[in-house]
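Engineer: Sharing a structure here in structure tokens format.
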Amino acid sequence: MKYLVVLISLCLFLGTAGSALGQETDAFSKYEAKKKNPVLAVGAAWLVPSLGHAYANAWWPRGATFLGLFVVSVAIYVGSESISGALPLIGFRIWEFVDAYGATKAYNKRLAKKYGVQLVLYENKPYLQIAYRF
């Protein structure tokens, strides 16, 4: 009888631990499926102004601001008679690329926090840590 209770307790413990491990793996799978590529966001912003922010789920107000800055800087460039009119356009575009990259990294960080996934440096090598709250 005593061994039967120990065996049942062990089976219940292993079943609970196995399901928790499965939930951690499921959380990591969801994180991997939903995370965004920052380089792709920069490429999208290069193709169409503010598309990188839309990709990173940061279109309002950041993407809308960069779209407005793009329109204004194009108007300045078209209205100017010298090449110096292109400087605001070039500056805002570079700023948009950097910001789209950062917005995507911030999105991935929020997503990792939501699913309990933590990327940590250990002895200068990245490793993945998954936490699950019961």
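Engineer: Assess whether SER80 counts as being touching a helix residue (DSSP H, G or I) at 6+ places or on another chain (Cβ under 6 Å) and among the polar types (S, T, N, Q).
Structural biologist: No, not satisfied.
Engineer: Out of the residues in region 69-119 that are within 12 Å of the chain's Cα centre (by Cα) and under 15 Å from TRP46 (Cβ atoms), state the one that is surrounded by the most Cβ atoms within 10 Å (Cβ to Cβ).
Structural biologist: ALA100
Engineer: Would you say LEU119 is modelled with pLDDT under 90 and either in contact with a helix residue (DSSP H, G or I) (Cβ under 9 Å, 6 or more places away or on another chain) or outside any strand (DSSP E or B) (or both)?
Structural biologist: When the stated conditions are applied, LEU119 passes them.
Engineer: Could you tell me whether GLU32 is at pLDDT 95 or above and either part of a helix (DSSP H, G or I) or in contact with a helix residue (DSSP H, G or I) (Cβ under 7 Å, 6 or more places away or on another chain) (or both)?
Structural biologist: no
The values are calculated or read from the model by the stated rules, or taken from the named source; none is laboratory data. Computed from a predicted structure; not experimentally measured. We place every Cβ from the backbone using ideal geometry, glycine too, and count neighbours over all the protein chains shown.
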